[in-house]
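As structure tokens, the structure follows; a few thoughts come after it.
Only the coordinates and a few stated rules stand behind these numbers; no lab work does. The shown structure was predicted, so the numbers you read here are calculated from the model rather than taken from an experiment. Neighbour counts run over all protein chains shown; Cβ positions are idealised from the backbone, glycine included.
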Amino acid sequence: MGLDQGRSLEELGAASRGRGRGASGRGQVPRAPPSGSAGSPTALRGGLRSGAEEPAAGGSPGTSGVRRRSARSVPPGLPELSSAAKHEDRLFKDLFEDYERWVRPVEHLNDKIKIKFGLAISQLVDVDEKNQLMTTNVWLKQEWIDVKLRWNPDDYGGIKIIRVPSDSLWIPDIVLFDNADGRFEGASTKTIVRYNGTVTWTQPANYKSSCTIDVTFFPFDLQNCSMKFGSWTYDGSQVDIILEDQDVDRTDFFDNGEWEIMSATGSKGNRTDHCCWYPYVTYSFVIKRLPLFYTLFLIIPCIGLSFLTVVVFYLPSNEGEKISLCTSVLVSLTVFLLVIEEIIPSSSKVIPLIGEYLVFTMIFVTLSIMVTVFAINIHHRSSSTHSAMAPWVRKIFLHKLPKLLCMRSHVDRYFTQREETEHGGGPKSRNTLEAALDCIRYITRHVVKENDVREVRGEY
């Protein structure tokens, strides 16, 4: 049974090949047998092979060309190209058949290509004060006339605009001069070409540009960072740059949490060489730091630590926490100074005011520690361990220094209290008895002063 079925399939294949050879002799494409026949796939493959091999057996050239076209025809069930797609395909072939992308698209050699240049910023990514870099995401808008890319829309089904990859046509070599990471060009995207030859190219780019950071008033500082664009090889007689708009487009700008753009303007300039002049466009970004974060977590703690330094002098001398408090304040100020050192650039030209404030506060804390040590040492002195106070020390600290500090001396305080007690009430009659009492009081006060001075001398 299996042998008979195989033999019948071979006979059907031979019959189909015979019909294919007959059809090829008449210059027609072989037809497949009806779908109901068991050997239709084999017959179809055999017919196609016979049609492809027939020219080698002596068929006519015209017949073989028809067969090749029929073999490359669109398979059944797939849509054919529309007329618009065919027109666009033909337009691309006609435009770029003899197009050379390395040659300037001008009619005459001395003609100048004018580039309309504009800039749109989408994000201010980061401002690195340490390395003095500004990272931005921008769009470069460039527009020029390419005389080689002109056509009549009526000849191509009314097509007026096509999209062409930027690496398939001539583009200006405008780069960022003050680039800091080695990437002078942006991304390669498609251009929009119009029937009159106008080419529009909006190129996205991520730039790291150099920016001189002035941290004098950190964190309340303003920075002026610039981006300079120009042609890398062409001079002004070949490619001229025209500033499209003086203001940077910030329609799609995404706000930054640390910096705010105050203004972003552009200006055109020329750089003259020995023989040629080179146009360029400079965009200046004036950015302001948002100081809330540093105010809360840096400035306010530093001011609080400075007040703690003054509080140290109000602690009693017999308490041992005076030195501990001064040392803790000094260590805290050192930590804040290291934090600022990590942020600001390592430059000797500009020193931030907050850094100077911390340094002088640390010096003040160091002096307060020295004064506290001296005061504690004096407080714990006694007549058994130290000799009597020197006259110049008593004169300076008990007589001169209290007057400079608007304080009463140690002896005068006792004298004033006793004087107020003695003269607090009673009639003030000047008789002989009262004069004698005044003399006695004077002698008493003198004795009291001598005793007080003797006690102070004993303490020191």
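From the phi of every residue in the stretch 128-140, what ³J(HN,Hα) in whole Hz does the Karplus formula 6.51 cos²θ - 1.76 cosθ + 1.60 yield, where θ is phi - 60° and glycine or proline is x?
Running phi through 6.51 cos²θ - 1.76 cosθ + 1.60 with θ = phi - 60° gives 8, 5, 5, 9, 6, 10, 10, 9, 9, 10, 10, 10, 8 Hz.
Quick one: work out the % antiparallel among DSSP beta bridges in the stretch 101-290, nearest 5.
Roughly 90 percent of the beta bridges in the stretch 101-290 run antiparallel, per DSSP.
So for Thr233, Thr282, Thr265, fewest C-beta neighbours within 10 Å to most, what's the order?
Listed from fewest to most nearby Cβ atoms, that is Thr233, Thr265, Thr282.
What are the lysines whose alpha-carbon lies under 20 Å from the alpha-carbon of Lys160, with same-chain residues fewer than 8 places away excluded?
By straight Cα distance, Lys160 reaches Lys86, Lys93, Lys148, Lys190.
How many angstrom lie between the C-alpha centres of the stretch 293-313 and the stretch 120-182?
51
Work out from phi, with θ = phi - 60° and the Karplus expression 6.51 cos²θ - 1.76 cosθ + 1.60, the ³J(HN,Hα) of each residue of the stretch 162-169, listed in order in whole Hz, and give x for Gly and Pro.
Result, rounded to whole Hz: 10, 10, 10, x, 5, 8, 10, 9.
Tell me, what ³J(HN,Hα) does each residue in the stretch 297-308 have, in order and in whole Hz, if you take phi through Karplus 6.51 cos²θ - 1.76 cosθ + 1.60 with θ = phi - 60° and put x for Gly and Pro?
9, 9, 6, 4, x, 5, 5, x, 5, 5, 5, 5
Given R₀ = 60 Å, FRET efficiency for Val125-Ala390 by Cβ-Cβ distance, to 0.05?
Between Val125 and Ala390 the formula returns 0.30.
Which order results if Thr334, Thr309 are arranged by neighbouring Cβ count within 10 Å, fewest first?
Thr334, Thr309
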